[in-house]
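The values are calculated or read from the model by the stated rules, or taken from the named source; none is laboratory data. Computed from a predicted structure; not experimentally measured. All Cβ positions, even for glycine, are placed from backbone atoms using ideal geometry, and neighbour counts span all protein chains on display. When the accessible area is computed, the model is the full protein with side chains, heavy atoms only, and any ligands, DNA or RNA have been set aside. Shrake-Rupley method; radii C 1.70, N 1.55, O 1.52, S 1.80 Å.
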Amino acid sequence: MREAKAILQKQMIDTRKNRAVLIQFILFPLITIVMSNAVNIQDMPEHFYLKLFSVMYLAMAPISSMSAIISEEKEKGTLRALMMSNVSPVSYLLGVGIYDLAACMLGATLMSRICGMNGEEWRYYLALMAIGFLISIFLGAAIGVLAKNQMAATSLQVPAMCILSFLPMIGQFNDTVAKVAKYFYTEQFYQLLNNGIHGKMSTESMVILACNAIIVLGVFILAYKKRGLNRE
Amino acid sequence: MIEVTNLSKSFGTKKVLDGISMTVRDGEIFGLLGPSGAGKTTLIRVLTGQLKFESGEASVMGADVRKLSGEDKKQFGIMMDDLGLYERLTAYQNLKVFTDIYGVSVDAIGKVLAEVKLDQDAKKEVSKFSKGMKERLRLARALVTHPKVLFLDEPTSGLDPQTAKEIHEIIRNRKEAGCIIFLTTHNMTEAEKLCDHLVLLNEGKIVESGSPRELCLRYDHQKRIEITTTDGEKEQLPFAGGAVERIEQVLKEGRLLTIHSQEPNLETVFMELTGRKLEA
Ligand SMILES: Nc1ncnc2c1ncn2[C@@H]1O[C@H](COP(=O)(O)OP(=O)(O)OP(=O)(O)O)[C@@H](O)[C@H]1O
Ligand SMILES: [Mg+2]
């Protein structure tokens, strides 16, 4: 635990100066706040931009930041230094993961609050986002573990993020895409956000979400078994 | 104590360490001297549990290096090029990550930074450090957690003589404090001045070992007298047999320009043993 805490503190200092990662946490909250306040079309559903960009946020920020952090530490040899200091892979991933979740949640909290969400609806939104972030964090960690360096991480990260974030968007206008999109957790979160707290969750949705979570976890475990953190 | 018995390690079909046996005693500075590619870094990796090996035994302070526990590893301080620094963090913050992990008091950070003469730069971002400063920070990181065994892979390579001298002083102080020091180098002057015990490594095999003095004495037959004549000719004369007569002759002819005696040093010893030079 002491080790995870040390990693978390390191990450807090580091990200302040790491623009590439920092921008991932700030970009979507900022776009959401600007768009919600600037563009207001009549009859637009409530929190239209917030819901749309929240899904993109949870499909992008945790994946790119987690994989960027881990792959950079591999490339620069800092991860090796940690492993030689007897930091266990679990402590390391816990430290970085908790940090990442906290940063994303802070962004989600701010953007939803500023967009005027509150009460029960707000808590529901935050709970959904937390679960979505967690799935994405595991996916990002899997990519970071698999990739030998930052370049390799980017080439895995970008397609994953594009599929997860753009499918729900395109699915709104294209039925064929929508049929595929529904099998991805991001689309399911989009539906859940749109249906709101009083909407019913279908069994199909639940199964799809559970499958997504299990697959992502499986990919992470496979990646970890194959590469580990301290092997070349 | 570090004990290695008949250790071999290959990468693929290439044998990188071949039947290594040696003992490092407590409280000594042990030097592994060898040219590039000899297997020095590989041996440190093996001893610190970073690399598996095929055969033989190795233990550090009684612990088998194949099954080092977390507590064993926390006794080590390791300085190697591929253990990176956090470039966006300051020198102080870099060390703090490790004192936090080890549960060591932060007071140690200031002391160690002063020891490696980085106290003025404690709050500077590491990305703005020079090569020598980074090298000193790597050393500081190895020292800050109060290790009992220090593994230093070429601790002074590429540094100016003054900085190298300062690092030698720090290493000696740690020895006085009871630390075991295992270092590698391909600088024979460093090996000669700093180490209590030396092992000469070439292509994965130990070719000689002993204190620097012992080694030079053992190769006493390399003692020579070199004379230069007025026509610019150089002659190497062995100490035994014929040197006196030859010098007398040249002197009588009035052709003697210079006369020097040559003692064996680690470089010439290495040369005799392997037919190659230590430094390319
Ligand atoms: N991971 C690896 N995979 C394959 N071969 C390796 C690996 N690491 C080292 N070697 C080989 O093992 C040999 C010894 O390498 P090592 O790094 O131990 O040498 P060294 O004595 O430290 O040299 P230098 O003074 O240049 O640092 C070299 O021939 C090198 O190519
Ligand atoms: Mg080396």
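Observations, loosely collected:
- Condition broken by B:Ala240, with the remaining ones in (1) among the small types (Gly, Ala, Ser); (2) over 21 Å from B:Thr41 (Cβ atoms); (3) at pLDDT 80 or above satisfied: (3)
- Of the residues making up the range B:135-162, those that are more than 16 Å from ligand 1 (Cβ to nearest atom), surrounded by 18 or more Cβ atoms within 10 Å (Cβ to Cβ) and part of a helix (DSSP H, G or I) are B:Arg136, B:Leu137, B:Leu139, B:Ala140, B:Arg141, B:Ala142, B:Leu143.
- Subset of the range A:63-104 [away from chain B (no Cβ under 13 Å), open to solvent by 40 Å² or more (accessible area, probe 1.4 Å) and not β-branched (Val, Ile, Thr)]: A:Leu94, A:Leu101, A:Ala102
- Per-region count, the range B:24-64, residues of a type outside the set (Gly, Ala, Ser) and away from ligand 1 (no atom under 16 Å from the Cβ): 9
- Check on B:Lys117, out of contact with any Ser or Thr (no Cβ under 8 Å at 6 or more places or on another chain), over 24 Å from B:Gln50 (Cβ atoms) and either part of a loop (DSSP other than H, G, I, E, B) or modelled with pLDDT under 95 (or both): yes
- Search result, residues across the range B:55-74 that are in contact (Cβ under 8 Å) with a residue 60 or more places away in the chain and either within 11 Å of another protein chain (Cβ to nearest Cβ) or in contact with a strand residue (DSSP E or B) (Cβ under 8 Å, 6 or more places away or on another chain) (or both): B:Val60, B:Met61, B:Lys74
- Only one of the listed residues (B:Gly103, B:Gly77, B:Gly49) is at the interface with chain A (Cβ under 9 Å from one of its Cβ atoms) and either closer than 14 Å to B:Leu143 by Cβ or surrounded by 20 or more Cβ atoms within 10 Å (Cβ to Cβ) (or both). That residue is B:Gly49.
- Taken together, B:Ile206, B:Ile171 contain a single residue that is of a type outside the set (Asp, Glu) and open to solvent by less than 10 Å² (accessible area, probe 1.4 Å), which is B:Ile171.
- Residues (within 15 Å of ligand 1 (Cβ to nearest atom), touching a residue at least 12 places away in the same chain (Cβ under 8 Å) and either within 7 Å of chain A (Cβ to nearest Cβ) or charged (D, E, K, R) (or both)) located in the range B:80-98: B:Asp81, B:Leu83
- Some residue of the range B:208-215 being more than 14 Å from every other protein chain (Cβ to nearest Cβ), within 16 Å of ligand 2 (Cβ to nearest atom), closer than 26 Å to B:Thr5 by Cα and at pLDDT 85 or above: no
This table checks each residue for (1) more than 21 Å from A:Leu146 (Cα to Cα); (2) not aliphatic (A, V, I, L, M).
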| position | (1), (2) |
| --- | --- |
| A:Lys5 | yes, yes |
| A:Thr15 | yes, yes |
| A:Phe28 | yes, yes |
| A:Ile33 | yes, no |
| A:Phe53 | yes, yes |
| A:Val87 | no, no |
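- Residue check, B:Ile167 more than 15 Å from ligand 2 (Cβ to nearest atom) and within 23 Å of B:Lys73 (Cα to Cα): no
- Filtering the range B:17-39 to residues that are open to solvent by 10 Å² or more (accessible area, probe 1.4 Å), in contact (Cβ under 8 Å) with a residue 24 or more places away in the chain and closer than 16 Å to B:Val65 by Cβ leaves B:Ser21, B:Met22.
- Taking the range A:187-232 as the range and being open to solvent by 50 Å² or more (accessible area, probe 1.4 Å) and aromatic (Phe, Trp, Tyr) as the test, only A:Tyr224 passes.
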